[in-house]
Amino acid sequence: MTVPSSSSSPASYPVGLFATKILKGDGGDYPFGGPLDLVYGNSKDNKFFGSSASRKPVAFVGGKNSDSYRFTPGQLGIVADSLGGYADTLDFTKIDRAAALWGKVTIGNDIVLSDVVSGMTILIHDWAGVENPNNKIEFVKAQYRDPMTQLVNPRRSQTLALADWVAGALPLPGASFADYKQYNAALEGFRAADGVGQLLPGLAAQLTQLGAQYVPLAPAVRNVILSLPMTTELGIAAGEVPQAWANIAANAGLFS
């Protein structure tokens, strides 16, 4: 990709329907974003937070230091990992951990986490690959769960490895896709099957194969699947996703 020059090209590459916000220099320790804002962090330890609206997500791109991304119930968000080699954290301390039911979908190197109880869905985009030590989210900050009693104390918090958090997600049968076109096609199929009453029985049958203990989770799994957004509901058309990710990476390099 050719980097735009300051004299003949726009200041940043476009990313779907998003409006770009740049934070640099000494300000912006607490960068805020709203619906369809794409917020780039600065070289400090940024603490991202914001709001979304219906199917209009907020998107954050980390800076070079340790960043945290706070999400609250009902939010739809996108996080692109930090450019630096410092630890970054997803902050889920506003979610009722005792009641939350998380589902996970993988799309290439990306992860979608969705909580059926709070209505929050987060897409974690990793443009450099999950094995790149300088470009990944390492931790999740959540309400404290006592390791002995398993009781949750919402007034305390603890930090867990992202891999451990993801490992505890609801099993979503077949929820691994090579790319976003495949992901969109699957969601269209799930929604069509649900429209004729076939999704829930099919999920129950697939969960039976994983173990009888998973069968009661079929309604929750159905709700998680139906809550997952198509790429157009993320502000990016399906065919534009690879270019959008490339533009995010290029912009992050320009703004750093």
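The values are calculated or read from the model by the stated rules, or taken from the named source; none is laboratory data. Quick caveat, the model's predicted, so the values are computed rather than measured. A quick note on method: Cβ atoms are made from the backbone with ideal geometry, for glycine too, and the neighbour counts reach across all protein chains shown.
Considering only residues that are part of a helix (DSSP H, G or I), surrounded by fewer than 17 Cβ atoms within 10 Å (Cβ to Cβ) and not hydrophobic (A, V, I, L, M, F, W, C), which ones fall in the range 158-181? Break it down stepwise before answering.
The first filter runs over the range 158-181 and keeps only residues part of a helix (DSSP H, G or I), leaving 162-167, 180-181.
Filter again for surrounded by fewer than 17 Cβ atoms within 10 Å (Cβ to Cβ), leaving 163-164, 166-167, 181.
Within the range 158-181, Asp164, Lys181 qualify.
Is it true that Asn184 is farther than 21 Å from Asp115 by Cβ and either aromatic (Phe, Trp, Tyr) or assigned to a helix (DSSP H, G or I) (or both)?
Numbers: farther than 21 Å from Asp115 by Cβ: yes; either aromatic (Phe, Trp, Tyr) or assigned to a helix (DSSP H, G or I) (or both): yes.
It is true that Asn184 is farther than 21 Å from Asp115 by Cβ and either aromatic (Phe, Trp, Tyr) or assigned to a helix (DSSP H, G or I) (or both).
Quick one: which residue in Leu234, Leu199, Leu187, Leu207 is over 30 Å from Arg145 (Cα atoms), surrounded by 14 or more Cβ atoms within 10 Å (Cβ to Cβ) and over 18 Å from the mean Cα position of the chain (by Cα)? So that I can check it myself, show each step before the final result.
On the way: Leu234 fails: over 18 Å from the mean Cα position of the chain (by Cα); Leu187 fails: over 18 Å from the mean Cα position of the chain (by Cα); Leu207 fails: over 30 Å from Arg145 (Cα atoms).
So the residue among Leu234, Leu199, Leu187, Leu207 that is over 30 Å from Arg145 (Cα atoms), surrounded by 14 or more Cβ atoms within 10 Å (Cβ to Cβ) and over 18 Å from the mean Cα position of the chain (by Cα) is Leu199.
Of all residues in the range 21-41, which are at negative phi, surrounded by 20 or more Cβ atoms within 10 Å (Cβ to Cβ) and at pLDDT below 80?
Leu23
So which pairs qualify, if the first residue must be in the range 192-207 and within 11 Å of Arg222 (Cα to Cα), the second must be of a type in the set (Asp, Glu) and surrounded by 15 or more Cβ atoms within 10 Å (Cβ to Cβ), the Cβ gap must be under 9 Å, and the two must be at least 6 apart or on different chains?
Taking only residues 6 or more apart or on different chains, the pairs are Leu200/Asp194.
Return the residues of the range 52-83 that are touching a residue at least 24 places away in the same chain (Cβ under 8 Å), out of contact with any helix residue (DSSP H, G or I) (no Cβ under 7 Å at 6 or more places or on another chain), assigned to a loop (DSSP other than H, G, I, E, B) and closer than 16 Å to Leu17 by Cβ; say none if nothing qualifies.
Residue satisfying the conditions is Ser52 alone.
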